[in-house]
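**Student:** I have a structure I would like to understand better, so I am pasting it below and will then ask my questions one at a time.
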Amino acid sequence: MDCEGRISVIIPVYNGEKYVAQCIENMLCQTYKNLEIIVINDGSADGSATIAEKYPVQVISQKNGGLSAARNRGLDVATGDYVYFMDVDDLINLEFFALMIGAITLAGADMACCEFIHEKRPHISWRFSERLLLMTLEDKMSVTNSGQMGYVPRWLYKKSFLAEKGLRFEVGRLLEDVAFTLQAVHVAGKIVTTPGAIFYYKKRADSIMNSRDRALVKKREEHRQLANSYRKEFAQRHNLNTAPAHTQRFKYKILGVPMLEKTVYGNSKIKWRLFGICVLQRRGAKV
């Protein structure tokens with residue numbers, strides 16, 4: 001499907017000179033070219049800004065205010081129809097934006113959710129077998145596993161949706177993704193899953209979330225508790241189970257030939273496939 005919508009890619013950078021070139025090139029090599037790439041240099045003391053300025057991207061420098069402040073600044077200057085928040089030390093596959101904008105446009109959705117692969121903990125990765133349109137809060141939470149996997153780079157947002165709902169990042173938190181994602185998922189009218197669009201989480205030893213500095217370790221633990229408390233209160237307020245949704249598959253054969261497959265997702269969502277074609281499902285609508 002041909003799409004003309006512009007995607008504003010917001011990349012906050014704080015002392016990320018090891019990764020910023022790779023990240024920008026990852027964006028420039030995308031098969032989808034209608035991108036506005038905005039690098040927010042959040043008070044870096046290294047060569048991050050100098051490296052970024054060598055590329056055809058917009059570089060905005062500000063005093064260090066943290067990831068949330070940098071994302072908010074990017075949101076303020078973004079002119080695209082859609083917004084994507086990229087982490088400088090992670091990666092996406094080259095068809096990512098083409099698949100995401102194709103899905104969100106076709107579905108008329110507020111948000112598109114991609115697949116997620118954790119480099120160091122592959123068992124917690126999250127994949128989609130097909131494109132689904134999610135409209136109930138229970139489906140939106142369980143199928144995307146938003147309660148446990150709130151990473152903001154999993155999502156492409158319609159910019160008008162973020163503006164209409166007044167969604168911003170809370171400045172001062174280390175785990176700002178949790179609250180932002182839960183709020184966005186809650187108020188989104190439609191969310192579409194996007195198989196084939198993959199976000200790769202790269203665990204970096206020198207990142208803020210993995211640093212062994214005692215002060216940062218203590219701060220991380222405090223903010224992790226805040227995030228867990230927010231998640232728990234959100235679940236209680238909306239009578240939801242935010243535990244990971246598990247998937248089970250059952251295959252039925254006739255004369256040794258696989259014909260029917262039953263897939264059971266979290267919270268009892270069931271899909272039946274005949275010869276690989278979805279013929280029946282409960283909850284969620286196939287796009």
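The values are calculated or read from the model by the stated rules, or taken from the named source; none is laboratory data. No experiment lies behind these values; they were computed from the predicted model shown. Using ideal geometry, Cβ is built from the backbone for each residue, glycine included, and neighbour counts are taken over all protein chains shown. Only protein heavy atoms, including side chains, enter the accessible area calculation; ligands, DNA and RNA are left aside. Shrake-Rupley method; radii C 1.70, N 1.55, O 1.52, S 1.80 Å.
**Student:** Report whether or not R121 is within 12 Å of the chain's Cα centre (by Cα), closer than 24 Å to A235 by Cβ and among the basic types (K, R).
**Tutor:** Spelling it out, it is not the case that R121 is within 12 Å of the chain's Cα centre (by Cα), closer than 24 Å to A235 by Cβ and among the basic types (K, R).
**Student:** In the range 178-199, what residues are of a type in the set (G, A, S) and more than 11 Å from G147 (Cα to Cα)?
**Tutor:** A184, A188, G189, G196, A197
**Student:** Report every pair of residues separated by at least 6 positions or lying on different chains whose Cβ atoms are under 6 Å apart, first residue within the range 90-113 and farther than 19 Å from L167 by Cα, second in a loop (DSSP other than H, G, I, E, B) and of a type in the set (S, T, Y).
**Tutor:** L94/T31; E95/T31; F97/Y32; A98/T31; A98/Y32
**Student:** Follow-up. How many of the residues in the range 1-30 are open to solvent by 80 Å² or more (accessible area, probe 1.4 Å) and polar (S, T, N, Q)?
**Tutor:** Final tally of qualifying residues: 1.
**Student:** How do the pairs read when you match residues in the range 38-54 that are farther than 17 Å from M27 by Cα and touching a residue at least 12 places away in the same chain (Cβ under 8 Å) with residues anywhere that are open to solvent by less than 30 Å² (accessible area, probe 1.4 Å) and assigned to a loop (DSSP other than H, G, I, E, B), using Cβ under 8 Å and keeping only pairs 6 or more apart or on different chains?
**Tutor:** Cβ pairs passing all conditions: D42/G66; S44/G16; D46/G16.
Every residue, every condition in (1) touching a Ser or Thr at 6+ places or on another chain (Cβ under 9 Å); (2) of a type in the set (F, W, Y); (3) at negative phi, yes or no:
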position: G5; (1), (2), (3): yes, no, yes
position: N26; (1), (2), (3): no, no, yes
position: I37; (1), (2), (3): yes, no, yes
position: I60; (1), (2), (3): no, no, yes
position: N64; (1), (2), (3): yes, no, yes
position: R71; (1), (2), (3): no, no, yes
position: M86; (1), (2), (3): no, no, yes
position: F96; (1), (2), (3): yes, yes, yes
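**Student:** Would you pick out the residues in the range 18-54 that are assigned to a loop (DSSP other than H, G, I, E, B), over 17 Å from L91 (Cβ atoms) and either touching a Pro at 6+ places or on another chain (Cβ under 6 Å) or not hydrophobic (A, V, I, L, M, F, W, C) (or both)?
**Tutor:** K33, N34, G43, S44, D46, G47, E53, K54
**Student:** Name the pairs whose Cβ atoms lie under 7 Å apart, with the first residue in the range 268-281 and surrounded by 15 or more Cβ atoms within 10 Å (Cβ to Cβ), the second modelled with pLDDT under 70 and not in a strand (DSSP E or B), and 6 or more positions between them or separate chains?
**Tutor:** As it stands, the answer is K269/R282; K269/R283; K269/G284, since those pairs meet every condition given.
**Student:** Looking only at the range 53-96, which residues are under 21 Å from D177 (Cα atoms), at pLDDT 95 or above and of a type in the set (A, V, I, L, M, F, W, C)?
**Tutor:** A69, A70, L75, V77, A78, V83, F85, M86, V88, L91, I92, F96, listed by residue number.
**Student:** A follow-up question, please. With V83, V88 as the choices, which residue is in contact with a Cys (Cβ under 6 Å, 6 or more places away or on another chain), open to solvent by less than 30 Å² (accessible area, probe 1.4 Å) and farther than 13 Å from A197 by Cβ?
**Tutor:** Among V83, V88, only V88 is in contact with a Cys (Cβ under 6 Å, 6 or more places away or on another chain), open to solvent by less than 30 Å² (accessible area, probe 1.4 Å) and farther than 13 Å from A197 by Cβ.
**Student:** Only one of I60, I37 is open to solvent by less than 40 Å² (accessible area, probe 1.4 Å) and more than 18 Å from the chain's Cα centre (by Cα). Can you tell me which?
**Tutor:** Exactly one of I60, I37 is open to solvent by less than 40 Å² (accessible area, probe 1.4 Å) and more than 18 Å from the chain's Cα centre (by Cα), namely I60.
**Student:** Starting from the range 64-82, keep only residues that are closer than 19 Å to A49 by Cα and touching a residue at least 40 places away in the same chain (Cβ under 8 Å), then list their pairs with residues that are among the small types (G, A, S) and open to solvent by 10 Å² or more (accessible area, probe 1.4 Å) whose Cβ atoms are within a distance under 6 Å, requiring at least 6 positions of separation or different chains.
**Tutor:** From residues that are closer than 19 Å to A49 by Cα and touching a residue at least 40 places away in the same chain (Cβ under 8 Å), the pairs are N64/G43.
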